[in-house]
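A short worksheet on the structure shown next.
Just so it is clear, none of the values below were taken in a lab; they were calculated from the coordinates. Everything numeric in this text was worked out from a predicted model, so none of it was measured. Positions of Cβ are backbone-derived with ideal geometry, glycine not excepted, and every protein chain shown enters the neighbour counts.
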Amino acid sequence: MEPNDTRRGGAPVVTERAAADLPVCAEVLGAVHRKDGYPVNWPADPVGWLRVDGELGAWVARLAGRPVGHVVLAGPGPGDVAPRLAPAGGPTAVVGRLFVDPAARGRRIGALLLDRVAHEARLRGARAVLDVVPSDVAAVALYERAGWQFLGTGQQEWGPDELIDVRCYAAPAPPARDTPGARDTAPWTGDDGEDHR
């Protein structure tokens, strides 16, 4: 087994992303891009791409201490489609830069990251929303399995003169135990779908 092989390593744990995590996350992003074509346009600066304007928080999933998944939560930007399609009745926060190392898949890491980011949005009094290209059928399946609500389709501007069709989703309705304003920095572990604080 290779030193960075993630097929073993116990239960995944989600923690806040640290600056020291960024180079490893960029390596994982490279593996994801080679396998899945995400991101569609490979960034000139992958580490910089992981940081988002208006970032509210970022988390990594770890196996045996090594980052194997990543997600960011940010305030809505002017070109974001999903917030405009979200049901009326409150603010939204945008999920982005979500990916899982191909070698670590099959452990519900994507679902664990989605649970964490949706919880963090609720703590900020917002509903998490996201968009995905329709051709990413694995991501679409993950969101739908996790109970995310399909909001509709739209076109997202991804660069000068580049409009991309996207499917938009909103996080499931919050459980009664999430309280806006509380901040939780404890690691999440396990894969049973429960709040793992």
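Once the C-beta distance of Glu16 and Val47 is scaled by a Förster radius of 25 Å, the resulting FRET efficiency is 0.90 to the nearest 0.05. With 0.36 nm allotted per residue and the present C-alpha distance subtracted, the Arg145-Arg34 stretch has 37.5 nm of extension available. Packing here is the average count of other Cβ atoms within 10 Å per residue, and on that basis the peptides 50-62, 113-125, highest first, run 113-125, 50-62.
On the basis of the beta-carbon distance and an R0 of 30 Å, Glu55 and Glu162 show a calculated FRET efficiency of 0.85. Here the range 39-60 and the range 82-144 have alpha carbon centers that stand 15 Å from each other.
Between Thr153 and Arg84, what is 0.36 nm times their sequence separation minus the Cα-Cα distance? Round to one decimal in nm.
Extra length available between Thr153 and Arg84 comes to 23.8 nm.
Projecting the Cα atoms of Pro39, Gly69, Ala82 onto the charge dipole of the range 21-85 (Cβ charges, centred on the Cα centre) puts Gly69 farthest toward the positive pole.
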